[in-house]
1. Would you please name the residue that is surrounded by the fewest Cβ atoms within 10 Å (Cβ to Cβ), looking only at residues in segment B:61-115 that are within 13 Å of chain A (Cβ to nearest Cβ), small (Gly, Ala, Ser) and over 14 Å from the mean Cα position of the chain (by Cα)?
2. Is it the case that residue A:57 is among the hydrophobic types (A, V, I, L, M, F, W, C), over 28 Å from residue B:33 (Cα atoms), assigned to a strand (DSSP E or B) and modelled with pLDDT of 95 or more?
3. Name the residues in segment A:1-20 that are more than 15 Å from residue A:71 (Cα to Cα) and in a strand (DSSP E or B), would you?
4. Regarding residue A:105, is this residue among the β-branched types (Val, Ile, Thr), within 12 Å of chain B (Cβ to nearest Cβ) and surrounded by fewer than 14 Cβ atoms within 10 Å (Cβ to Cβ)?
5. So which of B:99, B:58, B:94 is closer than 27 Å to residue A:106 by Cβ, of a type outside the set (D, E, K, R) and either at pLDDT below 95 or in a loop (DSSP other than H, G, I, E, B) (or both)?
6. Does residue B:69 satisfy the criteria of being at positive phi and either at pLDDT 95 or above or among the charged types (D, E, K, R) (or both)?
7. Here are B:24, B:51: which of them is surrounded by fewer than 16 Cβ atoms within 10 Å (Cβ to Cβ) and more than 17 Å from residue B:112 (Cβ to Cβ)?
8. Specify the residue that is surrounded by the most Cβ atoms within 10 Å (Cβ to Cβ); the eligible residues are those in segment A:66-102 that are among the hydrophobic types (A, V, I, L, M, F, W, C) and outside any strand (DSSP E or B).
Amino acid sequence: AQSVSQHNHHVILSEAASLELGCNYSYGGTVNLFWYVQYPGQHLQLLLKYFSGDPLVKGIKGFEAEFIKSKFSFNLRKPSVQWSDTAEYFCAVRSYDKVIFGPGTSLSVIP
Amino acid sequence: EAGVAQSPRYKIIEKRQSVAFWCNPISGHATLYWYQQILGQGPKLLIQFQNNGVVDDSQLPKDRFSAERLKGVDSTLKIQPAKLEDSAVYLCASSLVGSYIDEQFFGPGTRLTVL
């Protein structure tokens with residue numbers, strides 16, 4: 001069955017630390033990849049997306065993600081997190097017009 | 001630009017009761033999605049509409065869930081009768097045309113608690 005996994009359920013970092021959230025998927029064909037973020041009390045919103053071309057994708061608020069096709073991965077990174085990055089992060093994969101979300105990673109940034 | 005609107009924001013019902021959720025997508029968006037998000041999990045697509053036609057309802061429990069999008073604008077999702085396991089946040093999203101390059105815009109969700 002098609003699935004999306006996220007390596008960590010909950011991550012706690014201090015401000016200025018670097019962030020990497022893992023995402024792996026099990027689709028074999030062409031995929032589109034997304035990272036969504038949900039800040040406390042707010043709607044889900046798109047952070048960044050990959051459709052084709054350069055596998056290193058830059059998104060809003062200093063986030064980036066790298067698509068590694070051979071590893072079926074799309075990890076999210078940020079070199080220096082801020083307290084305002086505290087949120088729930090969801091990886092999502094679209095294949096054959098179906099979008100599957102991962103279970104999410106809760107990020108807490110300590111001032 | 002107004003976002004995706006959903007109501008109610010919270011609903012508490014007892015099992016076997018019925019409940020309905022309403023969604024008004026962003027103006028001009030042809031595609032509308034309903035997702036179920038159980039606590040600790042990612043959103044799961046229940047149904048996708050393109051205008052007023054159903055594109056995908058493969059994960060909709062059709063024995064108890066129904067959805068409609070009359071006139072291709074706003075939509076209603078109904079659960080009848082509700083079960084304890086239906087407790088979740090129900091998210092509505094919309095996108096311009098529903099193609100693979102489209103961005104989905106999400107509403108605030110309706111948090112359903114079934115007692």
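The values are calculated or read from the model by the stated rules, or taken from the named source; none is laboratory data. Because the structure is predicted, anything quoted here is derived from the model rather than measured. Here Cβ is always computed from backbone atoms with ideal geometry, including for glycine, and neighbour counts include all displayed protein chains.
1. B:99
2. Considered against the rule, which asks whether it is among the hydrophobic types (A, V, I, L, M, F, W, C), over 28 Å from residue B:33 (Cα atoms), assigned to a strand (DSSP E or B) and modelled with pLDDT of 95 or more, residue A:57 comes out as no.
3. Answer for segment A:1-20, where residues must be more than 15 Å from residue A:71 (Cα to Cα) and in a strand (DSSP E or B): A:10, A:11, A:12, A:13, A:14, A:19, A:20.
4. Details: among the β-branched types (Val, Ile, Thr): yes; within 12 Å of chain B (Cβ to nearest Cβ): yes; surrounded by fewer than 14 Cβ atoms within 10 Å (Cβ to Cβ): no.
No: the conditions fail for residue A:105.
5. B:94
6. Considered against the rule, which asks whether it is at positive phi and either at pLDDT 95 or above or among the charged types (D, E, K, R) (or both), residue B:69 comes out as no.
7. Answer to the check: B:51.
8. The first filter runs over segment A:66-102 and keeps only residues among the hydrophobic types (A, V, I, L, M, F, W, C), leaving A:67-68, A:72, A:74, A:76, A:81, A:83, A:87, A:90-93, A:99-101.
Those still in the list that are outside any strand (DSSP E or B) too: A:72, A:81, A:83.
On the way: A:72: 17, A:81: 21, A:83: 11.
So, considering only residues that are among the hydrophobic types (A, V, I, L, M, F, W, C) and outside any strand (DSSP E or B), the one surrounded by the most Cβ atoms within 10 Å (Cβ to Cβ) is A:81.
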